[in-house]
Amino acid sequence: SAGGNLSAVVAQAFRDEGRELAGQLLIYPGIDMTSGYPSYAENGHGYFLELPTMKWFSDNYVGDADRADPRLSPIKGNLEGLAPAVVVTAEFDPLRDEGIAYAKALESSGVPTTYRHCDGLIHGFFAMGHLSQAAQLAIEETCALFRTVLHG
């Protein structure tokens, strides 16, 4: 989530600096600090990542800064010309709808984008492969998708 945010911001910065980037791997990214999406209400309690925790993180990270600044909410930035992306979301994740919105925004901006939704999984599943066969399968599929971005 935070890593997806930072990666999306770095992808924009690299493009702006004329630096080449092979691809973006955005796993349940938090990319919009300006509004709540329906998945916040649907999945904001009882599924590992909870709304009070999200609020604490964002308040401490953002402080008094403008939440619409693309360095905090990369979905608000210019997305044209970014590196190809793989965007992954989980069904029971408050950030699910942000990831979907970002994948659509990337596609609308002409960025080659592969979107992967993981049914039945929660935020953080990428660290849970040793605990869940479904998580491990999603990890392997995600890595295969990104391998294709990197190596064709």
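Looking for something part of a loop (DSSP other than H, G, I, E, B), at positive phi, exposed (fewer than 15 other Cβ atoms within 10 Å of the Cβ) and without any contact (Cβ under 8 Å) to a residue 40 or more places away in the chain - is there at least one such residue anywhere in the stretch 14-21? Within the stretch 14-21, one or more residues are part of a loop (DSSP other than H, G, I, E, B), at positive phi, exposed (fewer than 15 other Cβ atoms within 10 Å of the Cβ) and without any contact (Cβ under 8 Å) to a residue 40 or more places away in the chain. Beta carbons closer than 7 Å, at least 6 apart along the sequence or on distinct chains, pair a first residue in the stretch 134-152 that is over 17 Å from residue 84 (Cβ atoms) with a second that is surrounded by fewer than 13 Cβ atoms within 10 Å (Cβ to Cβ) for 134/120. Can you find even one residue in the stretch 76-92 that is touching a Leu at 6+ places or on another chain (Cβ under 8 Å) and without any contact (Cβ under 8 Å) to a residue 24 or more places away in the chain? No; the residues of the stretch 76-92 include none that is touching a Leu at 6+ places or on another chain (Cβ under 8 Å) and without any contact (Cβ under 8 Å) to a residue 24 or more places away in the chain.
Every listed requirement among (1) in contact (Cβ under 8 Å) with a residue 12 or more places away in the chain; (2) surrounded by fewer than 23 Cβ atoms within 10 Å (Cβ to Cβ); (3) in a helix (DSSP H, G or I) is met by residue 6 save one, (1). If you filter the stretch 96-128 down to residues that are outside any helix (DSSP H, G or I) and of a type in the set (A, V, I, L, M), you find that the one that is surrounded by the fewest Cβ atoms within 10 Å (Cβ to Cβ) is 128.
Bear in mind these aren't lab numbers, they're just calculated from the coordinates by the rules spelled out. Source: prediction; values computed, not measured. Backbone-built Cβ (ideal geometry, glycine too); neighbour counts: all protein chains shown.
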